[in-house]
1. Which one of Gly71, Gly109 is out of contact with any strand residue (DSSP E or B) (no Cβ under 8 Å at 6 or more places or on another chain) and at positive phi?
2. From the list Leu117, Leu104, which one is within 14 Å of the chain's Cα centre (by Cα), within 15 Å of Pro329 (Cα to Cα) and part of a strand (DSSP E or B)?
3. Any idea how many residues of region 235-255 are among the polar types (S, T, N, Q), over 21 Å from Gly190 (Cβ atoms) and touching a residue at least 40 places away in the same chain (Cβ under 8 Å)?
4. Given the residues Val131, Val126, Val65, which is the only one that is without any contact (Cβ under 8 Å) to a residue 12 or more places away in the chain, on the phi < 0 side of the Ramachandran plot and under 19 Å from the mean Cα position of the chain (by Cα)?
5. Looking at Asp209, Asp156, Asp197, can you tell me which residue is touching a residue at least 24 places away in the same chain (Cβ under 8 Å), in a loop (DSSP other than H, G, I, E, B), acidic (Asp, Glu) and out of contact with any helix residue (DSSP H, G or I) (no Cβ under 7 Å at 6 or more places or on another chain)?
6. Name the residue that is least open to solvent (accessible area, probe 1.4 Å), counting only residues in region 167-194 that are of a type in the set (Lys, Arg) and in a loop (DSSP other than H, G, I, E, B).
7. Counting just the residues of region 264-305 that are hydroxyl-bearing (Ser, Thr, Tyr) and part of a loop (DSSP other than H, G, I, E, B), which one comes out surrounded by the fewest Cβ atoms within 10 Å (Cβ to Cβ)?
8. Can you go through Gly88, Gly53, Gly10 and tell me which one is in a loop (DSSP other than H, G, I, E, B) and at pLDDT 95 or above?
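The values are calculated or read from the model by the stated rules, or taken from the named source; none is laboratory data. For clarity, every value in this text was computed on a predicted model and none was experimentally measured. Here the Cβ is made from the backbone with ideal geometry for all residues, glycine too, and neighbour counts use every protein chain on show. Accessible surface is based on the protein model in full, side chains and every heavy atom, while ligands, DNA and RNA are left aside. Shrake-Rupley method; radii C 1.70, N 1.55, O 1.52, S 1.80 Å.
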Amino acid sequence: MKPSAPDRPGPSRRTRAWIIVLAALILGGGATAYTLRAAAERGTAAAATADSGFTLDQGTGVLHVRDTATGRVARVDPAAPGGRVAGGPTCDRFHTAGGTALCLRRRPGVPARTDALVLDRRLREVRRVTVPGTPSRARVSASGRMLSWTTFATGDSYAGNAFSTRTSLLDLRTGYLVKNMEQIPLTLGGRRHHAPDVNYWGVSFAADDNRFHATVSTGGRTHLVEGDLRAWSARTLRENVECPSLSPDGTRLAFKKRVGDGPREPWRLYVYDLRTGREHPTAERRGIDDQALWTDAGTLAYGRGGGVWTVPADGTGAPRLLAAGASSPAVPAPAPSGPPG
């Protein structure tokens, strides 16, 4: 019979006490972190709600912006204190058309995530999609049926090549969501293009809710893309076009054109005629980094230097400040009868 092994001394009473205390601290810290995170998300969600009575129905053609001081969507009203009424939801990016609004809001925490909130004409949430990254671009088609948003998956600027984007499409009529536009087959220079560095951003929808224009970047160059959702295809039209915005009559595109290689204000605001293939600069000769908005058939609005500016699209006139301390200009169009589409 083998002799029994000597008993090993167990942990002392003091050691056991410290283990219990440490475990309690870890569990308590985790619970506290969870509680704080949940409270922050509840608070952010509550802040994203518009005030009662603040809707998209206060007149066709009224300019809405994101108020920089509060982060809330505001209605520009020269008769109001400060020239605006800031009673809308809290958003980092905002756009609206056809009785539908799109509010991009960064969620608290790491890694970065963004909520794309679909809102009705009373700015009530009807759908929410959460995607990776930080908010960059938001667009709603004229009918209110089609929505698109872009986030920065990595990086926070289009000025260099060290960034990656994620652009989504949502059809409100069918409910179909394209989580990443890179799934769409791309034709570049007449040939099917496959590359790991393909990035889309800055979608603008045509009136038929099927065709769209956007920017695609690959191989260190940017291209204007025309897409067809029913055919599930996209093809490049020309180089050096970023953040296109289709005119109400569908004949022209406002866009950012890169005119310098430096990181500071490398783009200028141009207009491209789709019928003639000609382009011309606007009277805004300063640098911009925004997707311009057509407020009517001949006028553009855009964010620059912490304010929203306007300039004629035909190259005449001069830039004029519409709203200081603002971004994300949008002009609510009348909602179509019945559901979007």
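1. Details: Gly71 fails: out of contact with any strand residue (DSSP E or B) (no Cβ under 8 Å at 6 or more places or on another chain).
None of the others qualify; the one that does is Gly109.
2. On the way: Leu117 fails: within 15 Å of Pro329 (Cα to Cα).
Of the residues listed, the single one that is within 14 Å of the chain's Cα centre (by Cα), within 15 Å of Pro329 (Cα to Cα) and part of a strand (DSSP E or B) is Leu104.
3. So the count comes out to 2.
4. Values: Val131 fails: without any contact (Cβ under 8 Å) to a residue 12 or more places away in the chain; Val65 fails: without any contact (Cβ under 8 Å) to a residue 12 or more places away in the chain.
Residue meeting the stated conditions: Val126.
5. Exactly one of Asp209, Asp156, Asp197 is touching a residue at least 24 places away in the same chain (Cβ under 8 Å), in a loop (DSSP other than H, G, I, E, B), acidic (Asp, Glu) and out of contact with any helix residue (DSSP H, G or I) (no Cβ under 7 Å at 6 or more places or on another chain), namely Asp209.
6. Looking only at region 167-194, we keep the residues that are of a type in the set (Lys, Arg), and these are 173, 179, 191-192.
Still in the list and also in a loop (DSSP other than H, G, I, E, B): 173, 179.
Values: Arg173: 140, Lys179: 120 Å².
Once the filter is applied, the top-ranked residue is Lys179.
7. Ranking the candidates gives Thr276 first.
8. Gly88
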